[in-house]
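Here's the structure, in structure tokens; my notes come after.
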Amino acid sequence: MALSAGTRLGPYEILAPLGAGGMGEVYRARDTRLGREVAVKVLPTAYSADPDRMRRFEQEARSAAALNHPNIVAIYDVGTHEGASYVVSELLEGMILRERLAGGAIPQRKAVDFALDIACGLAAAHAKGIAHRDLKPENLFVTRDGRIKILDFGLAKLIRPDASEPGRSKAPTLGIDTDPGMILGTVGYMAPEQVRGVPADHRADIFALGAILHEMLTGKRPFHRPTAVETMNAILKDDPPDLSVAPRPVPPALERIVLHCLEKDPAARFQSAQDIAFNLEALSGLSEPSGAVVRTARARRGLRPALAVLAGFAVVLAAFAAGRATQGRRGTAPEYRQLTFQKGPVFAARFAPDGQTFVYAAAWEGGPCELYLGRSGSPESRSMGIRMANLLAMSSSGEMALCLGPRRAAALVTRGTLARVPLAGGAPREILANVLGADWSPDGSSLAVVREAEGTFRLEYPIGTLLFETRGWMSHPRVSPGGDMVAFLFHPAQGDDRGAVMVVDRARKARRLSPEWSTTGGLAWSARGREVWFTAGRGSGERALYAVSLSGDLRVVARVPGGVTLHDISRDGRVLLTSDDQRSDLCGLLAGDETERDLTWLDFSIPADISPDNKTVLFSEQGAAAGQLYSVFVRGMDGSPATRLGDGQALAFSPDAHAALTLLYTTPPRLVILPTGPGEAKWLPNPGFERYREYPVTWTPDGKSIVFPAGQSGRPLRCYVQSVETGVTRAVTPEGFPDFVLSARGDSVYAGGAGGTVWAYPVAGGKPTPLSAKGLESEDHVLRLNKDGRSVYMFQELGQSAKLVRLDLRTRQRSLVRELRPTDTAGLVGVQTVVVSPDGQAVVFRARRYLSRLYLAEGLQ
């Protein structure tokens, strides 16, 4: 029975058809009582005379209505219309998982997220005695915010039968593809017991989840054969295909989860969806006590004073220090002893060889980074007199490796000159420039280093011997206790602490041990050298302490409110870690403003662009509430509430500000255009780029093309132009020239060359023209041309402030526009990511903050 627009079913007005399935037709409708849009599923009139179909339909309504969970579609109402029954549910925006799988395998990180959502939804249903029994991609909905909703409990069987139906048979209803027949369920996702026609319980859902996760990872159905009979035979007798067919290597821990779900014998599978959720949580970096997926959005309510931050932070620290946040695997509560008490960031900390003394680098009370010496059991530490230096490593013989003149690379990772100095005192001896991390060999005779050289990042051990190289970046190198391997954090995007744990041996054989997290920082080998411990999480403020074995087995060591950063592990298993309150505040300035406007929305805001009318800022959120792929927002410069546009990293407004260009950190990465008002998202084709860089990115003045830096696999970055309409992409600059400024007319990009020369490269192609580089300084970060094309805006980082400068392109004269420094300097580690409007009348910058407390932890297992 097809319903036309305007038809009324009780209080529900039909608006448009949405689709049809085996259980009926689905319509978009409006609830005239509450003024909200809903979905209405109507069972065809011809089926109403079929008692079995009606029973299944009514059972769907009863089963689903009994569930209230974010990963299960919500049922609002049931009713009848002209002899046909209908169910009213929440209206979902997005796509069926089957549509998502049409493009092949799903990136591992997202597949784990989806599987975790499914497991959490099933756990809630199973807890109420309800099994789905027809779980498949067609019954799973991917919402626009990336959450899975389980649909259609029409085949649900009450695990604990209703006492009002004592005569109910324990045998399953019969059917194939949900039609009346011999077997209940859908071929390809049925458990062996369903294929055999014997009673099936909630463990059939676990088998189906394993099949779906296998398909998400590989892009192929694990038991699919040419006919239904052959498919069922494969389910009964064949092992699932090896996951080596997946486009990317599957971590051993994830492979074990899949295979454990797909055991033929129900008794050999996971016995509960909650157990699956627990194992997936470790891979995804997400855990909630209830097992439910919780995504929150916390509205920013004005500038939070430093004392208020510390007051709330103290509550977390109190629970942390009391040892109530987590317990060791043996059930013994670990003990935490606070070692520092000042305000500011702790960059690094290491045990001295005696195991009782420790050294750390911190910037207290707004001062520069310097080294301090402390001792276990004492609340005081003393300055070592070494300022403008970060601690990188401590040798077994008591020699420190330092980073002199540290400049921030990302988070609390610094870049500078490697030097060595005895713990007992003396002048640092400089060794190597552009170093981001270092660690000593077990005997203290040599160093492993991560350094930048000609646009690539190199891991060398010892210095000069290359073990690993990338055009992403690396941090936190740690040499194994046996000296035969180096573990490190690999980050695919420069300047972003998103990453995973890797290990490489002396033969240059590298492998990844962990999944990829939104934020990573801190790494050390366990006391026995059997695991690599590290801190990571989904958002900047939600890092937990994990351990991963060399075979990829991952487990949670400690999780506390807020987040932690691992610094060192002693030979007897004691741990130095910090509890960190990380923030990235958004500060805005309009012409005439004496102090900044607080435009921060959540907890980790990063500006991208300002609209031509100076009224709106485009920015990203990368914190705990932003999601794994980050979130894109727009907000008025007047401080009005922000509007979320979608997932991704914000890049640039279109010339009319009606759209925003964003970057999705999928595999491969994708550029997406999101409308700032009504409209649909537009995905731009990736012509083979392994990575995009977030800056500089801009639109041409006519809005028809975008200009951006990107790189193909193993190749240096360069500037490209891509048509928004056709997706055709063309290189503009040579390889190794990713930094550029687009000309006022959009016909050329200005990029630096050898010897400091600037060249004008025609966007349409052709011979470049050399230009004068007079007036530019090596510390300048070029932002954009003024709208008149006669001057260029630049900024220079100055630690806790930055200078916004304008360079006149005719006279080559520099003038200071203004100094950028937030009023609140508590925990401030830098002023970064400056954006300026085309006329220079509006500026937005990012204030990066850390408030750290160093702890000594004992009893972590």
Is it fair to say D505 is open to solvent by 10 Å² or more (accessible area, probe 1.4 Å) and touching a His at 6+ places or on another chain (Cβ under 7 Å)? no
Quick check: is even one residue across the range 789-802 β-branched (V, I, T) and open to solvent by 30 Å² or more (accessible area, probe 1.4 Å)? no
Please state which of the following conditions E288 fails to meet, knowing it meets all the rest: (1) open to solvent by 20 Å² or more (accessible area, probe 1.4 Å); (2) at pLDDT 50 or above; (3) among the acidic types (D, E). (2)
Look through the range 669-680, keep the residues that are buried (at least 16 other Cβ atoms within 10 Å of the Cβ) and part of a loop (DSSP other than H, G, I, E, B), and return whichever of them is nearest to the chain's Cα centre (by Cα). P669
Just checking, which of T666, T662 is under 22 Å from the mean Cα position of the chain (by Cα) and not in a strand (DSSP E or B)? T666
Can you say whether G483 is on the phi > 0 side of the Ramachandran plot, assigned to a loop (DSSP other than H, G, I, E, B) and open to solvent by less than 20 Å² (accessible area, probe 1.4 Å), as far as the supplied structure shows? yes
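So that you can scan it fast, the table gives a plain yes or no per residue for (1) small (G, A, S); (2) out of contact with any Ser or Thr (no Cβ under 8 Å at 6 or more places or on another chain); (3) part of a loop (DSSP other than H, G, I, E, B):
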residue: R225; (1), (2), (3): no, no, yes
residue: T231; (1), (2), (3): no, yes, no
residue: A234; (1), (2), (3): yes, yes, no
residue: S244; (1), (2), (3): yes, yes, no
residue: A253; (1), (2), (3): yes, yes, no
residue: I257; (1), (2), (3): no, yes, no
residue: E263; (1), (2), (3): no, yes, yes
residue: A267; (1), (2), (3): yes, yes, no
residue: F270; (1), (2), (3): no, yes, yes
Quick one: count up the residues across the range 718-750 that are closer than 26 Å to E454 by Cα and not hydroxyl-bearing (S, T, Y). 16
Residue in the range 602-615 that is farthest from A411 (Cα to Cα), counting only those that are crowded, with 24+ Cβ neighbours inside 10 Å, among the hydrophobic types (A, V, I, L, M, F, W, C) and at pLDDT 90 or above: I610
Quick test of your reading of the structure: V834 fulfils all but one of (1) under 24 Å from Q582 (Cα atoms); (2) open to solvent by 10 Å² or more (accessible area, probe 1.4 Å); (3) of a type in the set (A, V, I, L, M). Name the failing condition by number. (2)
So in the range 135-159, with the set limited to residues that are closer than 21 Å to D275 by Cα, in contact with a strand residue (DSSP E or B) (Cβ under 9 Å, 6 or more places away or on another chain) and at pLDDT 85 or above, which one is surrounded by the most Cβ atoms within 10 Å (Cβ to Cβ)? L135
Considering only the range 804-812, I want to know if a residue exists there that is closer than 25 Å to A361 by Cβ, touching a residue at least 24 places away in the same chain (Cβ under 8 Å) and either under 28 Å from the mean Cα position of the chain (by Cα) or open to solvent by less than 50 Å² (accessible area, probe 1.4 Å) (or both). no
Within the range 458-480, can you find the residues that are without any contact (Cβ under 8 Å) to a residue 24 or more places away in the chain and open to solvent by less than 10 Å² (accessible area, probe 1.4 Å)? E460
Which pairs turn up if I take residues in the range 335-360 that are open to solvent by 40 Å² or more (accessible area, probe 1.4 Å) and look for partners that are aromatic (F, W, Y) and in a strand (DSSP E or B) with beta carbon separation below 6 Å, at least 6 apart in sequence or on another chain? Q338/Y855
Scan the range 809-861 residue by residue and report those that are of a type in the set (K, R) and assigned to a loop (DSSP other than H, G, I, E, B). R810, R812, R821
Do we find that R530 is surrounded by fewer than 22 Cβ atoms within 10 Å (Cβ to Cβ) and free of Cβ contacts under 8 Å to residues at least 24 places away in the same chain in this structure? yes
I'd like to check something: does the range 415-431 contain any residue that is open to solvent by 40 Å² or more (accessible area, probe 1.4 Å), without any contact (Cβ under 8 Å) to a residue 12 or more places away in the chain and in a strand (DSSP E or B)? yes
Going through L684, L674 one at a time, which residue ends up being within 17 Å of T726 (Cβ to Cβ) and touching a residue at least 12 places away in the same chain (Cβ under 8 Å)? L684
Quick count over the range 592-606, residues being in a strand (DSSP E or B), touching a residue at least 60 places away in the same chain (Cβ under 8 Å) and in contact with a Cys (Cβ under 9 Å, 6 or more places away or on another chain), is 1
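Mind checking which residues of the range 537-556 are closer than 30 Å to G648 by Cβ, in contact with an Asp or Glu (Cβ under 9 Å, 6 or more places away or on another chain) and assigned to a strand (DSSP E or B)?
V548, V556
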Search result, residues across the range 629-643 that are open to solvent by less than 10 Å² (accessible area, probe 1.4 Å) and in contact (Cβ under 8 Å) with a residue 40 or more places away in the chain: Y630, V632, M637
Is it true that some residue in the range 616-623 is touching a residue at least 60 places away in the same chain (Cβ under 8 Å), crowded, with 23+ Cβ neighbours inside 10 Å and outside any strand (DSSP E or B)? yes
The condition of being modelled with pLDDT under 90 and open to solvent by 40 Å² or more (accessible area, probe 1.4 Å) holds, among G19, G24, G79, G103, only for G103
In the list T698, T757, which residue meets the criterion of being of a type in the set (S, T, N, Q) and either farther than 18 Å from M794 by Cβ or without any contact (Cβ under 8 Å) to a residue 60 or more places away in the chain (or both)? T757
In the set S378, S396, which member is in contact with a Gly (Cβ under 7 Å, 6 or more places away or on another chain) and open to solvent by 10 Å² or more (accessible area, probe 1.4 Å)? S396
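The values are calculated or read from the model by the stated rules, or taken from the named source; none is laboratory data. Please read these numbers as outputs of a predicted model, since none were measured by experiment. Ideal geometry is used to build each Cβ from the backbone, glycine not excepted, and the neighbour counts take in all protein chains shown. Just so you know, the surface numbers come from the protein's heavy atoms only, side chains and all, with ligands and any DNA or RNA stripped out. Shrake-Rupley method; radii C 1.70, N 1.55, O 1.52, S 1.80 Å.
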